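Colleague: Please find one structure pasted underneath; my questions will follow.
The values are calculated or read from the model by the stated rules, or taken from the named source; none is laboratory data. Computed from a predicted model, the values in this text were never measured in an experiment. Glycine also receives a Cβ, built like all others from the backbone with ideal geometry; neighbour counts cover every protein chain displayed. Each accessible area value is taken on the protein alone, full model and side chains, heavy atoms only, with ligands, DNA and RNA left out. Shrake-Rupley method; radii C 1.70, N 1.55, O 1.52, S 1.80 Å.
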Amino acid sequence: MKVISTQKAPAAIGPYSQGIVAGDFFFASGQIPIIPETGELAEATIAAQARQALENVGKLLEAAGADFGKVVKTSCFLADMNDFAAFNEVYAEYFTENKPARSCVAVKTLPKNVLCEVEVIAYLGD
């Protein structure tokens, strides 16, 4: 296994890695909408937070040698299922070439009380 770490995405805020490559797969830890350069949260709208979370995912994919086209599975966590449609609008901007398998659930609370969190699994093979 190989640990993936980049300063272009938020640092882990607990005892975990930003991501792990195991064999031909990359497993990214859940990304919340922290702006890496400032450590601040993105604007408190679902669109802004979804976009920042997905930008952070993109930076981890890049560090692992992948991109959104290599993602095979996403897990999306929303603080409020009423944000589902708005979240999907932003999500669709990032997954244009392929539509990975996905789970999307509402949860009681997310770290730092953000509105969403996204984690991915990507295939690194040919």
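Colleague: Within the range 68-126, can you find the residues that are among the aliphatic types (A, V, I, L, M) and closer than 15 Å to Gly58 by Cα? Before you say what the answer is, go through the steps one by one.
Modeller: The initial filter retains those residues of the range 68-126 that are among the aliphatic types (A, V, I, L, M), namely 71-72, 78-79, 81, 85-86, 90, 92, 101, 105-107, 110, 114-115, 118, 120-122, 124.
Those that are among the aliphatic types (A, V, I, L, M) and closer than 15 Å to Gly58 by Cα: Val71, Val72, Val90, Ala92, Val118, Val120, Ile121, Ala122, Leu124.
Colleague: Moving on. Under 9 Å by Cβ, and 6 or more places apart or on different chains, what pairs join a residue from the range 113-126 that is closer than 15 Å to Ala64 by Cβ and of a type in the set (A, V, I, L, M) with one that is in a loop (DSSP other than H, G, I, E, B) and open to solvent by 50 Å² or more (accessible area, probe 1.4 Å)?
Modeller: Listed by first residue and then by second, the contacts come to Ala122/Asp67; Leu124/Gly23; Leu124/Asp24; Leu124/Gly65.
Colleague: Sticking with this structure for a sec: So how many residues does the range 70-85 have that are crowded, with 18+ Cβ neighbours inside 10 Å and not in a strand (DSSP E or B)? I'd like the intermediate steps shown before the answer.
Modeller: Initial filter on the range 70-85 (crowded, with 18+ Cβ neighbours inside 10 Å): 70-71, 74, 76-79, 83.
Pick out the ones that are also not in a strand (DSSP E or B) and you get 70, 79, 83.
Total meeting the criteria: 3.
Colleague: Additional query: Among all residue pairs at least 6 apart or on different chains, which show Cβ distances below 7 Å where the first residue, located in the range 2-22, is aliphatic (A, V, I, L, M) and the second is open to solvent by 80 Å² or more (accessible area, probe 1.4 Å) and outside any strand (DSSP E or B)?
Modeller: Going by the 7 Å Cβ cut-off, the qualifying pairs are Ile20/Met1; Val21/Met1; Ala22/Met1.
Colleague: Then there is this: Somewhere in the range 81-96, is a residue modelled with pLDDT under 95 and of a type in the set (A, V, I, L, M)?
Modeller: Scanning the range 81-96 turns up no residue that is modelled with pLDDT under 95 and of a type in the set (A, V, I, L, M).
Colleague: Would you check if Asp126 is open to solvent by less than 60 Å² (accessible area, probe 1.4 Å) and over 18 Å from Gln18 (Cβ atoms)? If you could, list the steps in order and put the result at the bottom.
Modeller: Details: open to solvent by less than 60 Å² (accessible area, probe 1.4 Å): no; over 18 Å from Gln18 (Cβ atoms): yes.
No, not satisfied.
Colleague: State which residue is farthest from Gly19 (Cα to Cα) when the search covers only the range 103-123 and only residues that are of a type in the set (D, E, K, R) and surrounded by 15 or more Cβ atoms within 10 Å (Cβ to Cβ). If you could, list the steps in order and put the result at the bottom.
Modeller: Residues of the range 103-123 that are of a type in the set (D, E, K, R), as a first pass: 108, 112, 117, 119.
Remaining after also requiring surrounded by 15 or more Cβ atoms within 10 Å (Cβ to Cβ): 117, 119.
On the way: Glu117: 15, Glu119: 10 Å.
Ranking the candidates gives Glu117 first.
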